[in-house]
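The values are calculated or read from the model by the stated rules, or taken from the named source; none is laboratory data. Source: prediction; values computed, not measured. Don't worry about glycine lacking a Cβ; one is built from the backbone with ideal geometry, like all the others, and counts go over all protein chains shown.
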Amino acid sequence: MKAAKDRMKDRTPAVALAILVFILGIFLAEVCALADEAEQVIKITAKRYEYSPNTITVKKGIPVALEFTSLDRLHGFSCPGLAIRTDVVPGKVTTLRFVPQKAGTFPFHCDNFCGSGHEGMTGTIIVTE
Ligand code: CUA
């Protein structure tokens, strides 16, 4: 009888550890799910003289991460209506984070001179309620 009790005692740390790992797993899954919901990630490529996509729809109040890649040379990204801008440098991903605070339609454009079609390198961000 005593021997059986001792064996039970020996297992207690292992059982406690298993429960702890299980709870931690659930907690981490929850955190990851929240992180997914919390940010809208949008990949945008820039090249002479266009962005793809050139219409971007996001939700008001939900954080946005724009991930820019240039396929040729230095471009820019400027959206005055949302007060955001960045250089778009070839050979790396440039991430621009912001939280849209108002709904509406906001034009953006390339603000680094990139050639004869530079003036037409434009797009639109639509922020929905
Ligand atoms: Cu692209 Cu100017």
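Taking the criterion of being touching a residue at least 60 places away in the same chain (Cβ under 8 Å) and farther than 19 Å from ARG48 by Cβ, the residues of the range 86-129 that qualify are THR124, ILE125, ILE126, VAL127, THR128, GLU129. If you go through the range 73-112 and keep only what is among the hydroxyl-bearing types (Ser, Thr, Tyr) and within 13 Å of the ligand (Cβ to nearest atom), you end up with SER78, THR86.
Here are ALA83, ALA103: which of them is assigned by TED's automatic domain parsing to the domain that holds ALA46, more than 17 Å from the chain's Cα centre (by Cα) and surrounded by fewer than 12 Cβ atoms within 10 Å (Cβ to Cβ)? Write out each step before concluding.
On the way: ALA103 fails: surrounded by fewer than 12 Cβ atoms within 10 Å (Cβ to Cβ).
Only one candidate qualifies: ALA83.
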